1. May I ask you to list pairs of residues, at least six apart or on different chains, whose Cβ atoms are under 7 Å apart, with the first in the range 36-65 being within 18 Å of ALA4 (Cα to Cα) and touching a residue at least 40 places away in the same chain (Cβ under 8 Å) and the second being in a loop (DSSP other than H, G, I, E, B) and open to solvent by less than 80 Å² (accessible area, probe 1.4 Å)?
2. What do you reckon, is ALA14 in contact with a strand residue (DSSP E or B) (Cβ under 6 Å, 6 or more places away or on another chain) and of a type in the set (A, V, I, L, M)?
3. Among the residues of the range 23-51, how many are farther than 17 Å from LYS8 by Cα and either of a type in the set (D, E, K, R) or touching an Asp or Glu at 6+ places or on another chain (Cβ under 8 Å) (or both)?
4. Can you name every one of the strands (runs of 3 or more DSSP E) wholly within the chain that holds 1 or more residues which are open to solvent by 80 Å² or more (accessible area, probe 1.4 Å) and hydroxyl-bearing (Ser, Thr, Tyr)?
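The values are calculated or read from the model by the stated rules, or taken from the named source; none is laboratory data. The structure presented is a predicted model; accordingly, all values stated were derived computationally and were not measured. Here the Cβ positions follow ideal geometry from the backbone for every residue, glycine too, while neighbour counts run over all protein chains shown. Please note that ligands, DNA and RNA were not included when accessible areas were found on the heavy atoms of the full protein model with its side chains. Shrake-Rupley method; radii C 1.70, N 1.55, O 1.52, S 1.80 Å.
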Amino acid sequence: DDSAAIQKAVANHALIYFPPGIYVCNDVNIPTDRCLTSSSDVTLLATKAGSFALNLHGSGITLHNLKFEGQSEE
């Protein structure tokens, strides 16, 4: 589960670049004025029931070249 590492990155940096791969993330909170990006082949996978990969909290959030998988079913 990459949630803690991703949460730490978005708490400390405005620009987060994901190298190609699959990242398991559940309910990562994205604050205002953040850019999450990748060149390609990145999947953010929510694995917990009732969870989203990312929770967007604020304005100025940019998501670029990210694929999302998983469901938010309880």
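1. THR47/ASN26; THR47/GLY70
2. Taking the combined requirement at face value, the residue does not satisfy it.
3. So in the range 23-51, the residues farther than 17 Å from LYS8 by Cα come out as 38-43, 45-51.
Of the ones still in play, those that are also either of a type in the set (D, E, K, R) or touching an Asp or Glu at 6+ places or on another chain (Cβ under 8 Å) (or both) are 41, 43, 45-51.
Summing the residues that are farther than 17 Å from LYS8 by Cα and either of a type in the set (D, E, K, R) or touching an Asp or Glu at 6+ places or on another chain (Cβ under 8 Å) (or both) in the range 23-51 gives 9.
4. Values: elements: 15-17, 21-24, 28-30, 35-37, 42-45, 54-56, 62-64, 67-69.
The qualifying strands (runs of 3 or more DSSP E) are 15-17.
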